[in-house]
1. List residues of the range B:421-450, by number, whose backbone nitrogen lies under 16 Å from a label position 7 Å along Cα→C-beta of B:Asp226.
2. log10 I(q)/I(0), Debye, Cα-only chain B, no solvent, q = 0.06, 0.12, 0.14 Å⁻¹?
3. If you stretched the chain out fully between A:Leu301 and A:Ala110, how much longer would it get, using 0.36 nm times the residue separation minus the C-alpha to C-alpha distance?
4. Within chain A, how many lysine pairs that are 8 or more places apart, or on different chains, have C-alpha atoms less than 28 Å apart?
5. Excluding B:Glu184 itself, calculate the net charge of residues whose Cβ lies under 13 Å from the Cβ of B:Glu184, where each Lys or Arg counts +1 and each Asp or Glu counts -1.
6. Grab the beta carbon distance between A:His224 and C:Glu39, set R0 = 60 Å, and tell me the FRET efficiency rounded to 0.05.
7. What is the order of B:Met279, A:Met239, fewest Cβ neighbours within 10 Å to most?
8. With a cut-off of at most 11 other beta carbons within 10 Å, and DSSP calling the residue loop, which trypsin sites (Lys or Arg not before Pro) in the range A:73-164 qualify? Please list them.
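Just so it is clear, none of the values below were taken in a lab; they were calculated from the coordinates. If you're wondering where the values come from, they're calculated on a predicted model, not measured in any experiment. Please note: Cβ atoms are built from the backbone with ideal geometry, for glycine as well, and neighbour counts cover all protein chains shown.
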Amino acid sequence: MVTLRRSATLATPAPVQPVRVGPLERRERKLFLAFLTPGALLAIGALFIPVFYAIQLSFYHTESFIDTPEFVGLGNYVRIFTDPRYWEAFWHGLFYAGTTVFLQVVIGIAIALLLHQEFRGRNWLRSAALAPYILPTVVVVYIWKWLLNLNHGLINVGLESIGITPIAWFSSVVGAWFSIIFVSVWYWTPFVTITFLAALQSISDDLYDAAAVDGANSWQRLLHITLPVLKPVLVVIIMLRTIFMFNKFDIVWLLTSGGPLTSTEHLPILAYQKTFDMFDIGGGTAVATSIFLFLTLLIWLYFRLFPIEEMD
Amino acid sequence: MSDHQSSPALYTPMSRRRLLRTLGAAGGATLLSATGLPRQIHAAKAPTIRIFNNETDPDTIAFLKKMATDYKAEAGATVKIETVPVMQTVTKLTTSIKAGKPYDFIIYWTNLAIQLAEEGQLAPLGEIIKEVGVDDFGPRALRKFKDDYWIYPYDYNFNYLLYRKDWFAEKGLAVPNDWNEFLEVCKALNDPKNKQYALTLPFGNGVHTNWGNTAFLWAAGVEFYDDEWNVILDSPDIKPRVVKTLEFLEKVSQYTPPGPLETSLKDMLINFSNGTSAMTSYTGRAIHTIEDRNPELADKYAIMSYPGPDGGKRAVTYGDDGFSIGKTSNTEATVDFFKWFLSTERLIDYQLTVALHYQPPQYSTYKNEKWRSNPLIQKHWETIEVMMDFMNTDKTLVGSIDFQGPQASPNHARIMTSNVIPKMYSQVLLKKMTPSQAVDAAAKEIREFTTRS
Amino acid sequence: MNPTIWTWLRRGILGILIVGVTIYSLFPMYWMVISGIREERWLFDPLLFPGPYSWQSVKTILSLTDFPTYYLNSIITAVATTILTLVVVTPMAYALVRSRLPGMMLMVRAMLFAYMFPALLLAIPVYIFLVKIGLDDTRLSLILTHSTFTMPLGVWLMWGFFKNFPFEVEESAFIDGCSRIKAIYRIIMPLTLPGMLTVVLFLFILSWSDFVFSLILITSDELKTLPYGLASIDDAYDANWGELMAGSTMICMPLLLLFAFLSKYFIRGLSMGAVKS
């Protein structure tokens, strides 16, 4: 049986496969099409069609899902883009995405470096560090709402016992921002950690040894071997995490509902509020579509700057 | 590991396709068996009455399930109960209607009924209610809309204050009759060092505030609309009252546990029964909580309505729940079901599942033997008498968002879900706006979504 | 500096960091578990270490909701979703890596859109459509919708594995007369098994955690899943923090068990090159 062994080179993409020509190719094509069809069908039916429907709704004015819609063209978009509340939410979203991604990356790399060291029980610690990511969002929310509960949560009880007044983690502006950022970082950093750890592991020891023989110390090894490998991973991670965090609805909604008032409201929450609480489905879907367009633009820019995997 | 012995025939395109097809069929069969066939294949001849229920109390749910079995035995029609978390009521109801699968019988709250009635989604209940007798219903229990009734109320759900009469007695306090006295009482009962607070009151966005902390507004005579649906919240007559209430509430919030904006329904319930607060805003369910979690308090509590600013009429907030019949292909069958429900006194049984909480809006219920003889009702008869007294409109104003303006209207649901009132409170408590500015902002928002009907 | 002191210092710092990371990652879960089995009085006057035990919260939760049913539903749905997704996604990822069909990249990127639209707004049109074809309120509808949002992640992960699989191995199999499909199932999959277990775990978690689709698509009590069940409790007036924590613990149990069981393969699988960009 063939064993897969990490070759003694840096992690590079697999070499380009030669195109197979000949009578086999046409049969192959059909096969590959068959491979792709079920997924494509599922995606179209359960994904593209609903997205299309939701986008379509953004061109109408409806007050509830049982109201008869009236066509307003771009009216909803004009309305939302001239509403200062929209831009407030937009910047909130950028700030939230920016800080959480930054912290996730910094803490994630730090923990990955730690987990890369040799010590007893390392595998166990790796599992432990990954554990938060395994939990369902509702559970994470309940745990932290309980820990940060104003009167009875452990954190505030602890603060009180050392003489600090309890902090309103959800009903003060600063507290609320801190809560959503902290919980988001706690919850999703393991994803970054594991990704970086895998990348770190893919660097063969021979390289480090060779560098050491050449007289490089730890810092230089870090700088010239580790970081360059991490760079492409870093780029992908930052992009993906930014998209996810900008669009993250449930954690912020369940923790603060965008409150107090609208101080932690970002675009996904605004979309939800307009659709379900403010009787403005057209406005809500318009906001959702604008998020969608913004993120698409972001992805397109990214694929421009860092074209990946065209060659494989 | 690899099998090279197979004949070359296996690698022809023909067999590959066959292989794929077999795999697909096998997979599909497995999935189907794991998931069950679409319901249409099992379509029954007899109608199935689908009930939407947003009362999550386990006793109520158990009762409804038994009722379904009984009805099946007696009338042969299937009744299916679908219980939904309270917070998801609007989403589920509107989605089901939109999808063409409306519920036949709905258990929920009034202002949502008006919204649905406006969209033509409900069957009128005028006949049934007139049979029972319009006069049997207490003040403001029935809501007329477009000249008919659309919801049959089963629960007044008055929001009032529960208080520790033993602590009042200890400190020589009497039931406060105006706002100054109220603040005095709060001061006397507040002991933050020992984690004891005077009062638990909600201020954040949600139904708990719209229902649980609007009584002071009603007691102060605040009104949102005039008879033509003009917003009068910021008018020269009303605005000072709102401002006065906001200033008063700001002072009161200092006697509540820290984090008033975070206070939830849970806190309102639990804080009273575990001795954290001397008073709390709630309704009969709190008494059940006492019985369940801290029965020694059962004879140490009493209830009161909310005092007005200068003496005079007191207030409670109305928070009704009721039954509606949807306009569906099963409406006739559902009407039969509902008539059976009423004639077999199952309404009483239903109300008795959380006896002190579902306060009956019909005078006849209070005289009904079955209802009166329930042990919990007997035990807390004093409280029941006070509750009945709230129905006396000379002494108490029954206020509610639902009563603003000339008649029932979808505007009320909008005031609720847009959270204009909690937002006013938040602005003032967070010191982001002065009370006057908060009122102006609220009035502006209400004008934006008010329709003239 | 004396090398021995340096070593001890390094060990010390390492030790502190290890303890720090452990507490940071695991303490909240520990707190959840003991809050669920703590006597109510001590919930509001917390002790750091397990104090007086009481199963009351667990009992209340079990009486308030139909947890066993929710459990079963969540398990069936998550398992079926994982299987369906794997079956759909494996050939897809393989085709992406080995073939040269045009427009593939576009489609894969398009699937990322699944993560860019608020799920609630998507669930509603899906529900309407399902009602039209009579499939609403069925487990199948849930499985299909879950698969939609597990697919993009599944494709991405499997793609990473296949990409790093040296073509030479396959090539030798072809030379021996093996067909493509056989190659996939007989050769590639067994070798990437640890990695696949990773994918299984991720997909399972995604399906297990779903709340939105369960809420919208399911109306019958018998078909409800766990997150929906927990949300019902939160709304129920009688539920307190103790019960919420007990309920949360019960939801997490299978996940944590699955994770503990698979973590060996998981860690190994990741280092097999799940991440290449």
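1. Within reach of a label on B:Asp226, which here means backbone N under 16 Å from a point 7 Å along Cα→Cβ, the range B:421-450 contributes B:447.
2. The computed values of log10 I(q)/I(0) come out as -0.33, -1.05, -1.38.
3. Full extension from A:Leu301 to A:Ala110 adds 65.9 nm.
4. 4
5. Within the 13 Å Cβ shell, the charges total +1.
6. The calculated FRET efficiency here is 0.55.
7. Taking fewest neighbouring Cβ atoms as first place, the list is A:Met239, B:Met279.
8. Loop-located and lightly packed - A:Arg120.
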